Amino acid sequence: MTKTESGTPEEAQNKPKQLSNIMIMLLIALIASFPALSTDLYLPALPTMSEQLNCSGFWVTSSLIVFFIFVSTSSVFWGPLSDKYGRKRILLIGVPLYIISSIFCVLSQNVFQLITARIFQAIGAGAAMAVNLAIVKDVFPGKKRESTLAFVTVLNGMIPVIAPSIGSQIIKLTSWRGTFVALIIIGILVWIFVLFLKETNREYTDVSTFKTTLRLFVVLKNPYFWRLLIVFSVISIPLLGFISVSSFIFIKGFGVSKEAYSIYFGAIAVNFIIGGPIYLFLQRYFKPLTIITACFTGSLISGMLMLTIGQMSPLLFAISVAFGYLSVAISRPPSSSLLLEQQDKDTGSASSLIQASFMLSGSLGMLFVSYGWSNRIIILGIMNLVLSSGGLLLWIYTKARCRIPKHFT
C-alpha cells in the first residue's frame, strides 16, 4: 500500500521550489560518480601503496574490490528504504557516512584499517548509488528519461577521464592520503547540494521497514526485470576487472610512468563521455533494440582485439579496451531505461538492484582478474570474449520475452 503527498493550496505555496531539471541532472551525475571517484582517484598510487603500507599488491587491490562489493550490496537495502522514507533522507544519511569514513581512510596506518574504512565509505556511497536511477524516474518521463541518462552518462564519464590525472598530481604534492582528502571535500559539497533538493518521491509505501526491504524480492520475481538484469550485468564484468589491474598492466607490465598511465586511462574513459551523445545520434536512425545488439557485438570485438594486438604495446592495448568501453557507454542509456520500464512500482528497489547488479558482477570480475595471473591481458581478453558472446546470445533470447516500449521498436 502507498500514500501520496498532498496538501492545501496555501501549503503548496509555502513548500520550497524544486531544483531545476539541469540542477537535478548535475546532482544525479555527482552522486552517480561516487563509486568512480572513490576508485579512480587513487589508481595511480596502487603499485606504490603496497610498499608504503607494507603489504602485497593483492591486499592493496582488495581495497578496491571490497569497496565495489559493499557499495553494491548496501545499495540493495538503501533502495527500498528510499521508497518508504524518500530519496533525500537516504542521501542525508549516506553522504555524511561517506565523508566520515573518508576521514578514517586518510588516518589509516595499515591496509586492514584502510579496508575497514573503505567498507563504511562504500556503504555511504551505496546510498547515493541506490537512489540515482530512482530520482531519474521520479522526475523525467519516457524519452526524456533516456536523454537525461545519456546526459548524466556524459557528465559521469568525465570522472574516470580526469580523476587519475588529478590523483597523480595530488600524490606528487602529498601522498595517496591526499586523494581521500579530496573525496572528503567532494562529499561535503554534495551534501550541501542535497540540502537544497526537494523530495522527488511522490508515492511512499506505508508498510513496515522490514516489509519494505522484502519488496526487493517482489521486484526480482518479475521475470521481465530479472532476465534483462542478468543480460545487462554481464557486459560490465570485464570493464571493472580492467579497472582493478589497469595500473599494474600499464605501469609494471608496459613500464609506463604514472603520468603516462593517467593519460592512457583517461583516453579510455573518454569513451564514457562520448557514448551518450553517440547514442542520441544513433537513435535518430536506429531503434534502441538494434543499438543494444550492436553494442554487445562491439564488446565482443574488444575481447578479440585484446587477444590479438593487445599485448604488442600500451597504445594497442588501450585501443582494445576503449572499444569495449565505448560499446558499454552507448548501451547504458537504453538498457537502464528498458530495465526501469519493466517495473511499474517499487522504483527505489528496482534502481538499487540495477546499480547493485552492475557493481557486484563487476567486483567478481575484479576478484578474478586480480589473482596472480602471469598474463592479465590474456585473461581480460578471454573474459571479454566469453562474457560478450554469452551476453549477446542471452540478449537475443531475452529481448523477445520482455516488455518493450513503443519507441524501442
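Scanning the range 149-175 for residues that are at pLDDT 75 or above and either in contact with a Phe, Trp or Tyr (Cβ under 7 Å, 6 or more places away or on another chain) or under 17 Å from Ile274 (Cα atoms) (or both) yields one hit, Gly167. Screening Ser62, Ser56 for residues that are modelled with pLDDT of 80 or more and either within 30 Å of Ile171 (Cβ to Cβ) or touching a helix residue (DSSP H, G or I) at 6+ places or on another chain (Cβ under 6 Å) (or both) leaves exactly one candidate, Ser62.
For the range 109-148, a tally of residues being free of Cβ contacts under 8 Å to residues at least 12 places away in the same chain and surrounded by 18 or more Cβ atoms within 10 Å (Cβ to Cβ) returns 0.
Residues in the range 311-335 that are free of Cβ contacts under 8 Å to residues at least 60 places away in the same chain and among the basic types (Lys, Arg): 0 in all.
Of everything listed in (1) surrounded by fewer than 20 Cβ atoms within 10 Å (Cβ to Cβ); (2) in a helix (DSSP H, G or I); (3) out of contact with any Gly (no Cβ under 6 Å at 6 or more places or on another chain); (4) not β-branched (Val, Ile, Thr), the single unmet condition for Phe70 is (1). For the range 101-128, the set of residues classified as modelled with pLDDT of 90 or more and more than 18 Å from Tyr42 (Cα to Cα) consists of Ile123, Gly124, listed by residue number. Met312 meets each of the listed conditions (1) touching a helix residue (DSSP H, G or I) at 6+ places or on another chain (Cβ under 8 Å); (2) modelled with pLDDT of 85 or more; (3) under 30 Å from Val256 (Cα atoms) apart from (1). Residues in the range 73-91 that are of a type in the set (Gly, Ala, Ser) and part of a helix (DSSP H, G or I): Ser74, Ser75, Gly79, Ser82. Report whether or not Gln109 is closer than 23 Å to Thr174 by Cβ, of a type outside the set (Lys, Arg) and in a helix (DSSP H, G or I). So Gln109 fails the test. Counting only residues that are surrounded by fewer than 18 Cβ atoms within 10 Å (Cβ to Cβ), touching a residue at least 60 places away in the same chain (Cβ under 8 Å) and not in a helix (DSSP H, G or I), the range 352-401 holds 2 of them. Selection over the range 298-324 of residues that are part of a loop (DSSP other than H, G, I, E, B) and crowded, with 22+ Cβ neighbours inside 10 Å gives a count of 1.
Selection of the range 221-239 for residues being closer than 20 Å to Ile330 by Cα, part of a loop (DSSP other than H, G, I, E, B) and not β-branched (Val, Ile, Thr) yields only Ser236.
The values are calculated or read from the model by the stated rules, or taken from the named source; none is laboratory data. Small disclaimer: the values here were computed from a predicted structure and weren't measured. FYI the Cβ positions are ideal-geometry reconstructions off the backbone, even for glycines, and counts take in every protein chain you see.
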